[in-house]
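Have a look at the structure below, then the notes.
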Amino acid sequence: MSRVVFHRVAPAVPIQRFAKTWSTSLGLWGFGAGVTALYLLSVTPLVKRGFLSKVPVVGTYFEDKTPASDKPF
């Protein structure tokens, strides 16, 4: 008859195994979700002024160069 033998595992081992297995995938999905959110929200003035205009390389592309006389509000 077979016997059941339980092996003790340190509490940190499953956490390390989970982190090693899923960190790359979760990081890529998070990066993709962030880029998608910025792309979809890039048309709103709040995101343009608050975030996109302060990005060092492409910030001047998102600056509002419309004269005040042409703005309706």
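What do the square roots of 5 times the Cα gyration tensor eigenvalues come to for the chain, in whole Å, largest first, as semi-axes of the equivalent ellipsoid?
53, 11, 9
Once amide H atoms are built 1.01 Å from N in the peptide plane, which residues 5 or more positions from residue 51, or in another chain, come under 5 Å H to H?
Amide H neighbours of residue 51, under 5 Å, 5+ apart: none.
Count the lysine pairs in the chain whose Cα atoms sit under 30 Å apart, keeping only pairs 8 or more residues apart in sequence or on different chains. Don't skip to the answer; put the middle values down first.
Working: 48/65; 48/71; 54/65; 54/71.
So the count of such lysine pairs works out to 4.
Ignoring ligands, DNA and RNA, what percent of the accessible area of the chain is carbon or sulfur (1.4 Å)? Don't skip to the end; give the middle numbers.
Details: 4940 of 7180 Å².
Reported share for carbon and sulfur atoms: 69 percent.
As a test of reading the structure, rank 48, 65 by solvent-accessible area (1.4 Å probe, protein chains only), most first. Display every interim value, and only then the final one.
Details: 48 75, 65 150 Å².
Result of the area sort, largest leading: 65, 48.
Among 18, 62, 51, which one moves the most in a GNM of the chain with springs linking Cα atoms closer than 10 Å?
18
How large is the charge dipole for the chain, taken about the Cα centre, if only the Cβ atoms of Lys, Arg (+1) and Asp, Glu (-1) carry charge, to the nearest 20 debye?
Numbers: 9 positive and 3 negative charges, 103 e Å.
Rounded to the nearest 20 debye, it is 500 debye.
Which value, in Å², gives the accessible area per residue of the chain when a 1.4 Å probe is used on the protein heavy atoms? Numbers along the way, then the final one.
Values: 7180 Å² over 73 residues.
Ligands and nucleic acids excluded, the figure is 98 Å² per residue.
The values are calculated or read from the model by the stated rules, or taken from the named source; none is laboratory data. From a predicted model like this one, the values you see are computed outputs, not experimental measurements. Cβ coordinates were reconstructed from backbone atoms using ideal geometry, including for glycine residues, and neighbour counts include every protein chain displayed. All accessible areas refer to the heavy atoms of the entire protein, side chains included, with ligands and DNA or RNA removed. Shrake-Rupley method; radii C 1.70, N 1.55, O 1.52, S 1.80 Å.
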